[in-house]
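First comes the structure, then the notes that go with it.
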């Protein structure tokens, strides 16, 4: 059956009938027994798998056909720029409730905390605001918090390490929305051979567009033995807060030689 703009009149009738069928099924749940619920759940899962496949494929095709909608324009003077996966394309799982320590959202973002009882929810969501470039964002809701730390870790890609030198500045930009004021620290970690370098910067207060810069001249990084790099975004006293990271980008700048 053809779907989309080229659908025939009869195809569109069938689509509406299918939609109404599932609407009726949702309304009839209270009247179904265990066997009926299991059967309906299996049908719904099969349908969802097909729909999810179509959504992933169409998103991929749209990104290929219209790259400007998700591509990060490399800032002037930089030699590398990157927007992490979660802010540019759908990830799995889409969300986590009661997220545990080391829970992952997509391939590049990991949650770390030491709560004995997690009341932390993570969810990827669409950005609909006209002033937000990234197609997706991250929402984190923190209710009770009995731990001593909470951080989101973003693994930097291999491309960030290619050509990385001590005369580079690494800039992290974030577009934030906070329910209440919050101290946020950003820590760059670079593993080179058996050694590990760290640089910590505090994000300016408030929401909106914010940035920090890491000056690699203040490290003892061995440029020839680079293995891995990642950034911790650390939230101080996050209890009873709703945090939206509407966009996250990185850029690398060679320092001008004097």
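The table below lists the values:
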read-out: Selected residue (only one of 141, 146 is part of a strand (DSSP E or B), in contact (Cβ under 8 Å) with a residue 12 or more places away in the chain, within 30 Å of residue 98 (Cβ to Cβ) and assigned by TED's automatic domain parsing to the domain that holds residue 245); value: 141
read-out: Qualifying residue in the stretch 65-80 (condition: within 23 Å of residue 245 (Cβ to Cβ), touching a helix residue (DSSP H, G or I) at 6+ places or on another chain (Cβ under 7 Å), surrounded by 13 or more Cβ atoms within 10 Å (Cβ to Cβ) and modelled with pLDDT of 80 or more); value: yes
read-out: Test for residue 179: is it in contact with a strand residue (DSSP E or B) (Cβ under 7 Å, 6 or more places away or on another chain) and either in the same structural domain as residue 229 (by TED's automatic domain parsing) or at pLDDT below 95 (or both); value: yes
read-out: Any hit, the stretch 189-211, residues being within 27 Å of residue 123 (Cα to Cα), touching a residue at least 40 places away in the same chain (Cβ under 8 Å), crowded, with 20+ Cβ neighbours inside 10 Å and assigned by TED's automatic domain parsing to the domain that holds residue 104; value: no
read-out: Which listed residue is farther than 30 Å from residue 143 by Cα, in contact with a helix residue (DSSP H, G or I) (Cβ under 6 Å, 6 or more places away or on another chain) and modelled with pLDDT of 95 or more, from 216, 170, 161, 166; value: 166
read-out: Residue tally, condition in a strand (DSSP E or B) and closer than 24 Å to residue 223 by Cα, over the stretch 149-172; value: 8
read-out: Members of the stretch 113-138 that are in a loop (DSSP other than H, G, I, E, B) and without any contact (Cβ under 8 Å) to a residue 12 or more places away in the chain; value: 128, 130, 131
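The values are calculated or read from the model by the stated rules, or taken from the named source; none is laboratory data. Just so it is clear, the structure is predicted and the values come from calculations on it, not from any experiment. Neighbour counts are summed over all protein chains in view; Cβ atoms, including those assigned to glycine, are modelled from backbone coordinates with ideal geometry.
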